[in-house]
Structures are given as structure tokens and as C-alpha cells.
Amino acid sequence: MKRLPLYLWACPNTLVGLAWALLARATGGGWSIHTGVIEAHGGWVKPILERLPFVRGGAMAITIGHVVLAQTRAALDVTRTHERVHVKQYERWGPLFTPAYVLAGAWQWARGNDPYRDNPFEVEAYSESG
Ligand SMILES: [Zn+2]
């Protein structure tokens with residue numbers, strides 16, 4: 001129950017992630033709960049992640065609140081440590097996470113840097129996940 005406020009704070013994002021997880025599940029993908037996070041993969045979410053803008057080659061996975069969406073089940077395993085850093089970021093920033101993430105990426109882009117790789121949220125996730 002100590003974590004309930006964190007789930008509530010991230011809830012607006014989680015609801016969006018849940019809609020995507022439902023889409024994955026309804027279109028042939030799968031889902032499960034792993035360490036308090038809904039993990040969904042496949043279905044129509046896979047081609048969307050493959051074409052995600054600003055990420056060269058698309059994304060293997062993406063975190064939206066307490067939901068992680070991945071192209072495949074194997075991608076969930078490979079990206080779990082990285083995506084859990086994003087879950088913690090959602091717990092810290094709550095509804096402000098998405099605008100903060102977009103602004104941080106735009107700021108890096110405006111400075112001539114990579115909006116994804118140089119985004120401080122990604123820098124933190126990559127530094128903690130190796
Ligand atoms: Zn990331």
C-alpha cells in the first residue's frame with residue numbers, strides 16, 4: 001500500500017498505456033503483469049513501435065505510466081531494466097512526465113543534439129541499464 005500514491009500519481013499516463021495494451025491484446029498480442037507493471041507486446045503495437053518517430057529504427061519498447069509496450073515478448077525481457085527506470089520517472093513526474101520528456105527532447109534537438117539519445121530521461125535510463 002506504500003506504493004499506492006505512486007500508482008495514483010502516474011495513473012493518467014497508465015490509463016493511456018492501458019488503452020495501448022488493450023489494443024495489443026485485442027489484435028493478437030499478449031499481456032501480463034510483471035513486478036507491478038503491465039507488460040504488453042505484439043499485435044498492432046508492434047508495427048507502431050517499429051515506426052516510432054525520433055527513434056532511429058523504431059523502439060523495441062516504450063513505457064507509459066505503469067504499462068510497458070514492446071514489439072515482442074523477448075523485447076520485454078531485454079528492455080526491462082531500462083523501461084523500469086522510465087516507470088520510476090513516471091512515478092516521480094506523474095502527469096508532468098510526458099510534457100517534460102517532450103520539452104527535454106525538443107531542447108536537445110534545438111541545441112543540435114539527438115532528441116532521443118541526449119534526452120536527460122533517456123540518459124538516466126541508459127546509465128542505469130547499461
Ligand atoms: Zn528509454
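The table below lists the values:
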item: For Leu69: the one exception among (1) within 20 Å of Thr14 (Cβ to Cβ); (2) part of a helix (DSSP H, G or I); (3) within 14 Å of the ligand (Cβ to nearest atom); (4) open to solvent by less than 40 Å² (accessible area, probe 1.4 Å); result: (2)
item: Residue count, region 51-66 (criterion: on the phi > 0 side of the Ramachandran plot and in contact with a strand residue (DSSP E or B) (Cβ under 6 Å, 6 or more places away or on another chain)); result: 0
item: One residue from Arg73, Arg84 being among the charged types (D, E, K, R) and over 10 Å from the mean Cα position of the chain (by Cα); result: Arg73
item: Those residues of region 84-101 which are in contact (Cβ under 8 Å) with a residue 24 or more places away in the chain and either over 11 Å from Glu124 (Cβ atoms) or in contact with an Asp or Glu (Cβ under 8 Å, 6 or more places away or on another chain) (or both), in sequence order; result: Arg84, Val85, Val87, Gln89, Tyr90, Glu91, Gly94, Pro95, Phe97, Thr98
item: Number of positions in region 39-50 that are open to solvent by 60 Å² or more (accessible area, probe 1.4 Å) and part of a helix (DSSP H, G or I); result: 3
item: Residue satisfying condition, being in contact with a strand residue (DSSP E or B) (Cβ under 9 Å, 6 or more places away or on another chain) and over 25 Å from Pro5 (Cβ atoms), within set Gln89, Gln71, Gln108; result: Gln71
item: Residues within region 9-33 that are open to solvent by 70 Å² or more (accessible area, probe 1.4 Å), touching a helix residue (DSSP H, G or I) at 6+ places or on another chain (Cβ under 8 Å) and over 14 Å from Ala61 (Cα atoms), tallied; result: 1
item: Qualifying residue in region 51-58 (condition: within 15 Å of the ligand (Cβ to nearest atom), over 21 Å from Leu4 (Cα atoms), among the aromatic types (Phe, Trp, Tyr) and assigned to a loop (DSSP other than H, G, I, E, B)); result: yes
item: Matching residues, region 98-130, being within 14 Å of the ligand (Cβ to nearest atom) and either aromatic (Phe, Trp, Tyr) or outside any helix (DSSP H, G or I) (or both); result: Tyr101, Asp114, Pro115, Tyr116, Arg117, Asp118, Asn119, Phe121, Tyr126, Gly130
item: Pair list, Cβ < 6 Å and 6+ apart or interchain, from region 103-130 residues that are more than 15 Å from Glu83 (Cβ to Cβ) to residues that are open to solvent by 70 Å² or more (accessible area, probe 1.4 Å) and among the aromatic types (Phe, Trp, Tyr); result: Pro115/Phe54; Pro115/Trp109
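The values are calculated or read from the model by the stated rules, or taken from the named source; none is laboratory data. Computed from a predicted structure; not experimentally measured. Using ideal geometry, Cβ is built from the backbone for each residue, glycine included, and neighbour counts are taken over all protein chains shown. We work out accessible area using only protein heavy atoms, side chains counted, and drop any ligands, DNA or RNA first. Shrake-Rupley method; radii C 1.70, N 1.55, O 1.52, S 1.80 Å.
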